Amino acid sequence: MNEHANNTSGTGLALMGFALGAAVGAGLALLMAPDSGKKTRERLASTAQRWSKGAGHVIDQARDAVSELGTDAKSAIQAGQDSFQHDRATRDSRSARVTPGHNAVKREEIAR
């Protein structure tokens, strides 16, 4: 699942980088174009509308990636807690089976 989350977030970053590059390139092209003011404003408005649609899509993808990452993190935390509880129960059941005299011998060996 982590590979999927990393791949998804990498894709989101690539798309945002692409969108930013396209925006800068389009802005420079509009500034250097020898059109009239009215045509330039129309092109700017059209470009702004396209960018806002594209940005909304990228934001939706980023939101989905973050949501998936949160779900994966919660699952990993729960799995860790379950494993810890299982190991603790196993240790507790082993220590309950050891006789008191055996524990005393072990404590003496550890103290040396």
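The values are calculated or read from the model by the stated rules, or taken from the named source; none is laboratory data. Predicted model, so just to flag it, every value in this text is computed and none were measured. Reconstructed Cβ throughout: ideal geometry from the backbone, glycine too, with neighbour counts over all protein chains shown.
Could you list, in sequence order, the residues of the stretch 52-92 that are touching a helix residue (DSSP H, G or I) at 6+ places or on another chain (Cβ under 6 Å) and under 30 Å from A23 (Cβ atoms)?
G54, V58, Q61, A62, A65, E68, L69
Are any of the residues in the stretch 32-50 modelled with pLDDT under 80, part of a helix (DSSP H, G or I) and in contact with a Ser or Thr (Cβ under 9 Å, 6 or more places away or on another chain)?
Taking every residue of the stretch 32-50 in turn, none turns out to be modelled with pLDDT under 80, part of a helix (DSSP H, G or I) and in contact with a Ser or Thr (Cβ under 9 Å, 6 or more places away or on another chain).
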